[in-house]
Structure formats: C-alpha cells, structure tokens
Amino acid sequence: MPVYRIPEDKIVFPDPSLSEPSGLLGVGGDLRPERLMLAYANGIFPWYSEGQPILWFSPDPRCVLEPEALHIGRSLRKVIRKNVFDVTLDTAFERVIDACKLVPRPGQDGTWITEDMRQAYCALHSLGYAHSVEVWSDGELVGGLYGVAVGNLFAGESMFSQVSDASKTGLVWLVRQLQSWGFTLVDAQVRTETLERMGAIEMARSDYLERISTLVRSPGRVGVWRFDPHFDPL
C-alpha cells in the first residue's frame with residue numbers, strides 16, 4: 001500500500017485502514033494541536049525519531065485496556081494498599097515527559113520523543129487535553145506516564161519507572177479514576193508484556209475504530225485533572 005503525503009496546509013488524514021502492514025499511514029504535516037486531536041480521534045498517532053519527517057501510524061492490531069479488565073497482581077496490590085508511593089495528576093507534566101524521553105528502552109536506539117514532539121504535547125497539556133500521572137517517593141519523582149484524552153478515550157503515550165512498581169502504580173490509579181469518570185477504553189497503542197499482564201488485549205483496528213467513534217464525540221473532561229477526593233484505586 002502507498003504511504004500518503006500529509007499536507008501542511010490542510011488538517012486531514014487518509015482513512016487509517018489504508019495503513020501499511022507496519023501501521024505506517026502517512027508522512028509530513030505538522031504537530032499543531034488541531035491535527036493531533038484529529039489524529040487521535042481517528043485512531044492515528046505520530047511516531048518518529050529525531051532527523052526523520054513526521055510519521056503517522058495506525059497499527060493493526062491495536063493494544064487496548066478496558067478499565068474493568070484491569071488486573072492488579074497480588075504484590076502490586078500490597079504496594080498500593082501500603083501507600084508506598086504518593087500519586088498525583090497534572091502536577092509535573094513537563095518533568096514526566098522529560099523522564100519518559102530519557103529512560104532507556106530495550107531494542108530502541110534513542111527516543112521517539114523529539115523536541116518538537118515534547119513541545120507539541122506540552123501545548124496539548126496547556127490546552128487541557130494531555131495529562132500526566134506522577135508517582136513520588138519521599139518527594140522524588142520516581143515514575144509516571146502521560147497521554148491524551150479525546151472525549152471519553154484516553155490514549156496513553158509513554159511511561160517511565162525509576163523504582164520497581166512505580167509506573168504500574170501510576171497506571172492503576174489512572175485507570176481506576178478514568179473508570180469512575182466514565183472512560184471505557186484506554187489506548188495502549190502497541191503491546192508490551194507489562195501491559196498484557198495488567199489486562200491489556202490486542203484488538204483489530206476495525207473494531208478499535210468502531211469503538212472510539214462514539215467515545216471521541218463525548219464532551220469528556222478538558223482542563224487540569226485531579227484525583228477525586230478520598231479516591232481509592234483498590
């Protein structure tokens with residue numbers, strides 16, 4: 001299949017079903033907020049390295065996590081119950097994305113969080129669409145994740161952990177809060193063993209696009225997020 005040229009003067013995308021087997025759909029365009037939000041609403045996201053043009057992907061299958069299917073292992077449940085970590089929402093977005101950028105990834109040389117990507121997601125955060133979860137230990141940021149909310153869909157982008165169970169704790173807190181807010185799907189993009197152990201599954205792209213078609217039209221929650229008072233993730 002062809003790889004489509006994404007124009008810079010129009011905020012449009014080809015049908016994601018036209019992606020290559022790798023998931024690559026198009027090249028070019030820009031990272032302005034309007035384009036990013038349209039991409040997520042259509043099951044598309046940017047993923048490229050420094051020095052490359054902007055590449056847009058819509059993989060098939062898609063890794064997703066349905067909040068009600070979240071699996072919390074026995075040891076992780078103990079960590080959460082003992083309040084080993086403090087967990088916050090939207091208090092240190094830039095620090096989280098910077099930590100995600102720097103963390104080594106097995107099988108990856110460098111990072112896909114380019115400076116342009118960093119600036120683009122910080123802009124989305126300032127508009128109330130991108131959100132971060134911070135995990136703290138004795139006042140130090142030791143884990144976290146960030147992603148984009150489109151209506152009642154949360155699209156996870158990246159996570160990091162500097163100590164055992166930190167990012168997993170953050171994910172549990174986020175998913176449980178999203179569930180209580182009425183979010184019914186978390187997009188994890190690409191499968192990992194950690195996500196799979198926590199209940200993520202792979203879904204055909206066609207099914208994913210059908211699922212999100214109604215979720216992304218919901219008013220959602222725009223603005224700064226905070227965990228509900230007296231929130232208990234367990």
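The values are calculated or read from the model by the stated rules, or taken from the named source; none is laboratory data. Keep in mind that this is a model prediction, so the values were computed, not measured. Positions of Cβ are backbone-derived with ideal geometry, glycine not excepted, and every protein chain shown enters the neighbour counts. Calculation scope for accessible area: heavy atoms of the full protein, side chains included, ligands and nucleic acids excluded. Shrake-Rupley method; radii C 1.70, N 1.55, O 1.52, S 1.80 Å.
List the lysines whose alpha-carbon lies under 27 Å from that of residue 78, not counting same-chain residues fewer than 8 positions away?
Residue 78 reaches 168.
Classify the stretch 131-234 from the C-alpha gyration tensor, please: rounded if a/c falls under 1.5, else prolate or oblate depending on whether a/b exceeds b/c.
Working: a/c = 2.10, a/b = 1.34, b/c = 1.57.
Oblate is the answer for the stretch 131-234, as a/c is 1.5 or above yet b/c matches or exceeds a/b.
Tell me, what is the percent relative contact order of the stretch 1-68, built from C-alpha pairs under 8 Å that lie six or more residues apart? Spell out each step's value before the answer.
On the way: 99 pairs, mean separation 22.1, N = 68.
For the stretch 1-68, the relative contact order is 32 percent.
Counting heavy atoms of the protein chains only and a 1.4 Å probe, report the per residue accessible area for the stretch 115-234 as a whole number of Å². Walk me through the intermediate numbers first.
Working: 5190 Å² over 120 residues.
In whole numbers, the stretch 115-234 has 43 Å² accessible per residue.
Once the whole set of protein chains is in place, how much accessible area is left on residue 103, using a 1.4 Å probe, in Å² to the nearest 10?
Solvent-accessible area, nearest 10 Å²: 40 Å².
Pull out a ≥ b ≥ c, the square roots of the eigenvalues of the alpha-carbon gyration tensor of the chain, then state rounded if a/c is under 1.5, prolate if not and a/b is larger than b/c, and oblate in the remaining case.
Values: a/c = 1.64, a/b = 1.49, b/c = 1.10.
In terms of gyration-tensor shape, prolate.
Separation between the residue 38 and residue 10 pseudo-spin-labels, each 7 Å from Cα along Cα→Cβ, expressed in nm?
My value for the distance between the label points is 0.9 nm.
Output the relative contact order of the stretch 65-186, whole-number percent, from Cα pairs under 8 angstrom with separation of 6+ residues. Before the final figure, lay out the partial values.
On the way: 185 pairs, mean separation 37.7, N = 122.
The normalised contact order for the stretch 65-186 reaches 31 percent.
Between the stretch 63-82 and the stretch 158-210, what is the separation of their alpha carbon centroids in Å?
10 Å
Accessible area of the stretch 1-128 with a 1.4 Å probe: how many percent of it is carbon plus sulfur?
Numbers: 3410 of 6560 Å².
Here carbon and sulfur together make up 52 percent of the probe-accessible area.
What is the antiparallel percent of DSSP beta bridges lying wholly in the stretch 1-137, to the nearest 5?
Counting DSSP beta bridges with both partners in the stretch 1-137, the antiparallel share is about 75 percent.
Rounded, prolate or oblate for the stretch 1-65? Axes are the square roots of the Cα gyration tensor eigenvalues, ordered a ≥ b ≥ c, and the cut-off for rounded is a/c under 1.5. Intermediate values should be presented prior to the final figure.
Working: a/c = 1.41, a/b = 1.25, b/c = 1.13.
In terms of gyration-tensor shape, rounded.
To two decimal places, what compactness ratio does the stretch 18-107 give when its Cα radius of gyration is scaled by 2.2 N^0.38 Å? Please list the in-between numbers first.
Values: Rg = 17.5 Å, N = 90, 2.2 N^0.38 = 12.2 Å.
Ratio of Rg to 2.2 N^0.38 Å for the stretch 18-107: 1.44.
Using a 1.4 Å probe and counting only protein heavy atoms, arrange 13, 45 so the residue with the most accessible area comes first. Don't skip to the end; give the middle numbers.
Values: 13 40, 45 5 Å².
Final ranking, largest accessible area leading: 13, 45.
With every protein chain in place, what's the accessible area of residue 122 (1.4 Å probe, Å², nearest 10)?
Probe radius 1.4 Å; accessible area of residue 122 about 20 Å².
Taking amide H positions as placed 1.01 Å from N in the peptide plane, with prolines and chain starts having none, which residues 5 or more places from residue 189, or on another chain, fall under 5 Å of its amide H?
Result for residue 189 returns 63.
Could you order the peptides 163-171, 66-74 from most to least packed, using the average number of other C-beta atoms within 10 Å per residue? Show your work: numbers first, answer last.
Details: 163-171: 22.6, 66-74: 14.0.
With the highest mean Cβ count within 10 Å placed first, the list reads 163-171, 66-74.
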